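Trainee: Sending over a structure as structure tokens; questions will come in a sec.
The values are calculated or read from the model by the stated rules, or taken from the named source; none is laboratory data. These numbers come from a predicted model, not from an experiment. Cβ atoms come from the backbone with ideal geometry, glycine included; neighbour counts cover every protein chain shown.
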Amino acid sequence: MNEPMIELKNLTKSFGKKNAIDNLTLTLPKGKIIGLLGPNGSGKSTLFKILNGLLEPTEGEVTIEGTKPSTATKNVISYLPERTYLNEWMKVYEIMDFFADFYEDFQKEKAYSMLEKLSIDPKASLKTLSKGNKEKVQLILVMSRRAKLYLLDEPIGGVDPAARDFILSTILNNYEEGSTLIISTHLISDIEKIFDEVILLKDGQLYDYAPVEDLRERSGKSIDELFREVFRC
Ligand SMILES: Nc1ncnc2c1ncn2[C@@H]1O[C@H](COP(=O)(O)OP(=O)(O)OP(=O)(O)O)[C@@H](O)[C@H]1O
């Protein structure tokens with residue numbers, strides 16, 4: 001049997017009295033694009049940080065290809081955080097050099113070809129770019145790595161609708177076969193077409209996890225419509 005990409009067993013992460021992740025048990029396979037969906041505060045970013053070893057679980061277990069989050073697992077994870085971590089004063093080509101030095105699996109040619117397609121000047125410094133173009137640069141950096149697990153926390157929130165489809169096809173064309181991609185987003189109708197499976201989180205707990213086709217068939221709705229119904233305020 002294939003080894004899963006991720007296994008979570010009774011995973012809990014508390015901040016004071018609040019359980020941001022609450023007794024979550026879940027096994028995720030290799031080779032799928034998985035949507036991580038849930039309302040504000042449902043624990044999506046917290047889960048990404050735990051997977052990337054930035055936060056320690058309060059209770060329970062997490063493994064990536066059978067290994068606890070560590071330097072070794074970080075090397076196979078390409079993570080797009082919810083907030084920028086890049087130095088605003090750096091020029092785009094300097095950031096590309098930085099990534100090429102830091103990550104052996106960074107494919108610089110691929111990154112430059114994406115920059116060109118999105119008309120981003122490598123000589124521009126990050127602080128002069130618009131919010132959407134900054135997001136594109138970060139996504140290019142993340143997708144130019146040959147990783148086993150891509151964790152994208154809200155990748156296209158600031159990207160204009162015309163560029164979104166290009167970005168989605170960039171994601172589809174660049175992720176390595178056999179790798180797993182987890183994308184959290186509130187722009188469900190834009191992105192659901194690329195999902196194979198969807199995780200629905202509610203208050204840090206698993207509300208549902210299923211192939212998108214099953215969810216659509218069961219509910220007779222798109223994932224976007226289903227989300228609005230399940231999480232109506
Ligand atoms: N460092 C922290 N200290 C205290 N509480 C935190 C911290 N990080 C997250 N939380 C709380 O944990 C819960 C889950 O937050 P998280 O950011 O994971 O949600 P999210 O699903 O990513 O939300 P959003 O869709 O708004 O980005 C929230 O109630 C949040 O306030």
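Trainee: Can you tell me which residue is modelled with the highest pLDDT among those in the range 192-233 that are of a type in the set (D, E, K, R) and surrounded by 17 or more Cβ atoms within 10 Å (Cβ to Cβ)? Don't jump to the end; show me each part of the working.
Mentor: Applying the first criterion (of a type in the set (D, E, K, R)) to the range 192-233 yields 192-193, 196-197, 202-203, 208, 213-214, 216-218, 221, 224-225, 228-229, 232.
Then drop every residue that is not surrounded by 17 or more Cβ atoms within 10 Å (Cβ to Cβ), which leaves 192, 197, 216.
Details: GLU192: 93, GLU197: 98, ARG216: 95.
Here the answer is GLU197.
Trainee: Let me ask you something else. Need pairs with beta-carbon distance below 6 Å; first residue farther than 15 Å from GLN138 by Cβ and within the range 88-100, second among the charged types (D, E, K, R) and exposed (fewer than 15 other Cβ atoms within 10 Å of the Cβ); sequence gap 6+ or separate chains.
Mentor: Taking only residues 6 or more apart or on different chains, the pairs are ALA100/LYS108.
Trainee: Which pairs do you get when a residue that is in contact (Cβ under 8 Å) with a residue 40 or more places away in the chain, found in the range 192-220, comes within reach of a residue that is among the polar types (S, T, N, Q), reach meaning Cβ atoms under 7 angstrom, with the pair 6+ apart or on two chains?
Mentor: From residues that are in contact (Cβ under 8 Å) with a residue 40 or more places away in the chain, the pairs are GLU192/SER222; LEU201/SER42; LYS202/SER42; ASP203/SER42; GLY204/ASN19; GLY204/SER42; GLN205/ASN23.
Trainee: Of all residues in the range 68-110 being surrounded by 15 or more Cβ atoms within 10 Å (Cβ to Cβ) and among the polar types (S, T, N, Q), which is modelled with the lowest pLDDT?
Mentor: THR73
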